[in-house]
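A short worksheet on the structure shown next.
The values are calculated or read from the model by the stated rules, or taken from the named source; none is laboratory data. Everything numeric here is computed off the predicted structure, so don't read it as measured data. Cβ atoms come from the backbone with ideal geometry, glycine included; neighbour counts cover every protein chain shown.
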Amino acid sequence: MADPITIAISGLALGVSALNAWLTLFRRGTVKMTQPTVIFFGPDKPTEKGGSLPKVYLRTLLFSTSKRGRVIQSMHVTLRRNETVWSCPQI
């Protein structure tokens with residue numbers, strides 16, 4: 001019969017390997033966004049009537065916390081100002 005100390009060390013090594021595989025390979029992770037570096041609220045290019053359309057510009061970075069990369073297929077943006085709601089379904 002095998003020595004109990006050898007079995008305990010082997011079991012501990014197997015447990016550490018399983019935890020390492022779970023944390024690096026099997027966990028999906030999340031997609032997070034950094035703090036925006038640029039936020040711009042102002043006019044866009046002039047229209048035919050002489051005015052300009054409002055423009056919202058946001059510059060930020062997205063990153064994944066998982067070992068393997070994640071794919072973002074589409075994003076949704078909703079802007080609210082007082083009672084007005086503007087929605088863009090895909091960017």
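Of everything in the range 34-91, what is under 30 Å from Asn20 (Cβ atoms) and hydrophobic (A, V, I, L, M, F, W, C)? Give them in sequence order. Passing the criteria: Leu61, Leu62, Phe63, Val71, Ile72. If you go through the range 32-71 and pick out every residue that is of a type in the set (A, V, I, L, M), exposed (fewer than 10 other Cβ atoms within 10 Å of the Cβ) and at pLDDT 80 or above, you end up with 1.
Of everything in the range 1-47 that is among the aliphatic types (A, V, I, L, M) and under 30 Å from Thr60 (Cα atoms), the residue that is nearest to the chain's Cα centre (by Cα) is Val31. Of the strands (runs of 3 or more DSSP E) that lie entirely inside the range 9-91, those containing 3 or more residues that are in contact (Cβ under 8 Å) with a residue 24 or more places away in the chain span 31-33, 62-64.
If the condition is being within 22 Å of Arg81 (Cα to Cα) and not aromatic (Phe, Trp, Tyr), then the range 48-59 contributes Gly51, Ser52, Leu53, Pro54, Lys55, Val56, Leu58, Arg59.
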